[in-house]
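The values are calculated or read from the model by the stated rules, or taken from the named source; none is laboratory data. In this text the structure is predicted, and so the values were computed from the model without any measurement. Cβ sites come from the backbone with ideal geometry, for glycine too, and all protein chains shown count toward neighbours.
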Amino acid sequence: MDEQLRVEFNEWARAGRGESMERGHRPTGEQAIARMDVPPDAVVLDLGCGSGWASRLLASRASKGSVIGIDISDKMIELARKSSASYSNVTFEVAGADHLPFLDQEFTHAFSMESLYYYEDMAAALSEVARVLRPGGLFASVMDLYFENAPSHQWIDQLKVPVHLLPISEYHSLFKEAGFTETSDERLLDPTPVPDDYAGGSFKTREDLLAYRAAGSLLMLGKKPNE
């Protein structure tokens, strides 16, 4: 599964989709990062970092701390390193989320933008995130593909890799089973105008895109207990 994801996301990187994903995800990603309330001395993990845009936003907030972005795609990591050369507190590594190459309790915060539902063993990935977070650490995950957002389901046939389609209630259960004792969810709305002449792309029709926007991006928050 990791190899299948690596090959597909390497193709995305070569096709310039890292930049287009930033344009599409940034409006809700910025809202999610703002809700994380990252302090200047934070140590942050960005899972599925892609081109590194969220890592750079997090690094600007963690100005006296550090950010590590990981991605299964070596080509995305190359792009992230090149795009982030001016940030001294950001590093990137090729890694999968179900076996994180980090010590226990290494991070204060973790973030994931549109990557969690790609993980074959989501429970293992969430347990790994909980392992590397310090007591009281916060994990924020944004997902556009989830059961309650019906228009997003059409992506499943478009993608060349398997994905999970889960309801919000199951995400709460998975987060709690992984060790996040406090969980919450919120819908984040993208304010970007939808063109009147939208003629298809990620969605078959303009009406599908409008319905998707109305449902919003799912933000799941999980907090580790203080010990």
It is to be established whether one or more residues within the range 85-92 are β-branched (V, I, T) and surrounded by 15 or more Cβ atoms within 10 Å (Cβ to Cβ).
yes
Evaluate the following for G24: is it assigned to a helix (DSSP H, G or I), farther than 23 Å from H99 by Cα and at pLDDT below 95?
yes
What is the number of the single condition among (1) without any contact (Cβ under 8 Å) to a residue 12 or more places away in the chain; (2) in a loop (DSSP other than H, G, I, E, B); (3) polar (S, T, N, Q) that S202 does not meet?
(1)
Test: residue in the range 166-176 that is in a loop (DSSP other than H, G, I, E, B), within 19 Å of the chain's Cα centre (by Cα) and modelled with pLDDT of 95 or more:
yes
Across the range 40-62, which residue is surrounded by the fewest Cβ atoms within 10 Å (Cβ to Cβ) among those that are out of contact with any helix residue (DSSP H, G or I) (no Cβ under 8 Å at 6 or more places or on another chain) and part of a loop (DSSP other than H, G, I, E, B)?
D41
How many of the residues in the range 200-227 are in contact with a Phe, Trp or Tyr (Cβ under 6 Å, 6 or more places away or on another chain) and among the β-branched types (V, I, T)?
0
Picked from the range 63-95 (must be part of a strand (DSSP E or B) and of a type in the set (G, A, S)), the residue farthest from the chain's Cα centre (by Cα) is S66
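Taking the condition of being in a loop (DSSP other than H, G, I, E, B), of a type in the set (A, V, I, L, M) and modelled with pLDDT of 95 or more, how many residues in the range 96-111 meet it?
Matching residues across the range 96-111 total 2.
Quick grid of which residues meet (1) more than 29 Å from E106 (Cα to Cα); (2) surrounded by 14 or more Cβ atoms within 10 Å (Cβ to Cβ):
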| residue | (1), (2) |
| --- | --- |
| R134 | no, yes |
| D144 | no, yes |
| P151 | yes, yes |
| S169 | no, no |
| G179 | no, yes |
| D185 | no, yes |
| T192 | yes, no |
| A215 | yes, yes |
Return yes or no: is A125 small (G, A, S), within 21 Å of P225 (Cβ to Cβ) and touching an Asp or Glu at 6+ places or on another chain (Cβ under 9 Å)?
yes
Those residues that are within 30 Å of R131 (Cα to Cα) and either among the acidic types (D, E) or out of contact with any strand residue (DSSP E or B) (no Cβ under 7 Å at 6 or more places or on another chain) (or both), I need them from the range 182-212; list them, please.
E182, D185, E186
What do you reckon, is F147 under 20 Å from I72 (Cα atoms), in contact with a His (Cβ under 9 Å, 6 or more places away or on another chain), among the aromatic types (F, W, Y) and outside any helix (DSSP H, G or I)?
no
